[in-house]
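What follows is a single structure, written as structure tokens, with notes after it.
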Amino acid sequence: MTEITIMGTGAMAMLMGGRLAKRGVKVHFLGTWKESIAAVNKEGICVIEDGSPRYYPAEAFLDPAQLRGTSLALVLVKSWQTERAARQLSEVLAEDGVALTLQNGLGNGETLGAVLGQDRTALGVTTYGATSLGPGKVRPGGEGIISVGEHPKISALINLLQLGGFTVQQTEDLSGLIWGKLVINVAINPLTGLLGVKNGELLESPAVTRLMGMAAREAAEVARKLGVPISFSDPAQAAETVAAATRENLSSMLQDIRRGAPTEIDALCGAVVRQGKKLGVPTPVNEILALLIQGKVDLSRKEE
Ligand code: PAF
């Protein structure tokens, strides 16, 4: 039986794990969310589709020592957890194994590569959506695509993801896709988090839609200055298209804020601001969005 280790126990981890387990893949999770680990071990992965729950068997662990010798891994932790995931993976991943990151934000590949080596680190992005409905429980948020960069060991992971029913494409220009996703994320995620609205609701206020466009354009300008070709010519329009296509989704940042978890703002707007400073590209909207999210998180902590 084919096996995979999934780093993370959040919404995307459950979506991918659930679809793989459904096709008979032996799925192991390694994470830090104790309630999610307990739920998976008790009932399996719970995927809510068309309003009804389906359960798929899997095992979940807090301790990496239980998973030594893993050949294939997916990294689906939040960007601020990548360093911890890299250290744990260095304990479990076999010498000839490979880990594929499909996380949001900039810098995850570098962090994993520094610990695991480039020969065990593969990069990708995904446009699949997933909403966490509690520990071990997920509602798929619309079909998407998984794009992976070239890597000598990537074919086993591609085959496995395709077996799980995912659409996978291999691309030479992964940095363009990573930046393209970043442009969308800086436009949608902070504003949904700040305003407490679904992605589609951002389009119901011309003022908010304008702010989305400003954030998207700043990030796209940084990418252009870096020489990274992104696939769309109008960043504001691209962000609006994704917000409309994922109308009913709660963005990952809104989900993080609602459950009191740290957000990925530093790997999104924070990364755009840092790169912008290096390249002399002004990014005031991204900077303000990052500060507002930080402020919101600080103040909600005070309320607890
Ligand atoms: O982070 C997210 O929530 C997603 O990347 C996206 C595309 C904004 C859809 O909700």
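The values are calculated or read from the model by the stated rules, or taken from the named source; none is laboratory data. As the structure is a prediction and not an experimental result, all values here were calculated from the model. For neighbour counting, all protein chains shown are included, and Cβ atoms are generated from backbone atoms with ideal geometry for every residue, glycine included. The protein model used for the area step is the full one, side chains on, heavy atoms only, and it has no ligands, DNA or RNA in it. Shrake-Rupley method; radii C 1.70, N 1.55, O 1.52, S 1.80 Å.
Does Val183 satisfy being more than 10 Å from the ligand (Cβ to nearest atom), part of a helix (DSSP H, G or I), at pLDDT 95 or above and of a type in the set (Val, Ile, Thr)? The answer is yes for Val183. Residues of segment 108-127 that are open to solvent by 10 Å² or more (accessible area, probe 1.4 Å) and either within 12 Å of the ligand (Cβ to nearest atom) or modelled with pLDDT under 95 (or both): Val125, Thr127. Number of residues in segment 233-262 that are open to solvent by 20 Å² or more (accessible area, probe 1.4 Å) and not in a helix (DSSP H, G or I) equals 10. For beta carbons closer than 8 Å, sequence separation of 6+ or different chains, a first residue in segment 273-299 that is on the phi < 0 side of the Ramachandran plot and a second that is open to solvent by 70 Å² or more (accessible area, probe 1.4 Å) and part of a loop (DSSP other than H, G, I, E, B), the qualifying pairs are Gly276/Pro282.
For Gly136, are the conditions met, namely being over 13 Å from the mean Cα position of the chain (by Cα), under 29 Å from Arg258 (Cα atoms) and open to solvent by less than 10 Å² (accessible area, probe 1.4 Å)? Judged against the criteria, Gly136 is a match. Looking for something touching a strand residue (DSSP E or B) at 6+ places or on another chain (Cβ under 8 Å) and in a loop (DSSP other than H, G, I, E, B) - is there at least one such residue anywhere in segment 113-124? So far as segment 113-124 goes, no, none of its residues is touching a strand residue (DSSP E or B) at 6+ places or on another chain (Cβ under 8 Å) and in a loop (DSSP other than H, G, I, E, B). Count of segment 202-219 residues, restricted to those that are closer than 12 Å to Ala243 by Cα and either touching a strand residue (DSSP E or B) at 6+ places or on another chain (Cβ under 8 Å) or in contact (Cβ under 8 Å) with a residue 40 or more places away in the chain (or both), is 2.
For segment 195-207, the candidate set comprises residues that are within 20 Å of Gly129 (Cβ to Cβ) and among the hydrophobic types (A, V, I, L, M, F, W, C); within that set, the residue that is least open to solvent (accessible area, probe 1.4 Å) is Leu202. Anything in segment 236-258 that is away from the ligand (no atom under 14 Å from the Cβ) and in contact (Cβ under 8 Å) with a residue 40 or more places away in the chain? List them, or say none. Once the filter is applied, which keeps residues that are away from the ligand (no atom under 14 Å from the Cβ) and in contact (Cβ under 8 Å) with a residue 40 or more places away in the chain, segment 236-258 yields only Ala236. Scanning segment 40-68 for residues being in contact with a Phe, Trp or Tyr (Cβ under 9 Å, 6 or more places away or on another chain) and open to solvent by less than 30 Å² (accessible area, probe 1.4 Å) gives a total of 8. If I filter segment 142-153 for residues that are of a type in the set (S, T, N, Q) and crowded, with 24+ Cβ neighbours inside 10 Å, do I get at least one hit? Within segment 142-153, none of the residues are of a type in the set (S, T, N, Q) and crowded, with 24+ Cβ neighbours inside 10 Å. Val168 falls short of the stated requirement of being within 17 Å of Ser79 (Cα to Cα) and more than 16 Å from the ligand (Cβ to nearest atom).
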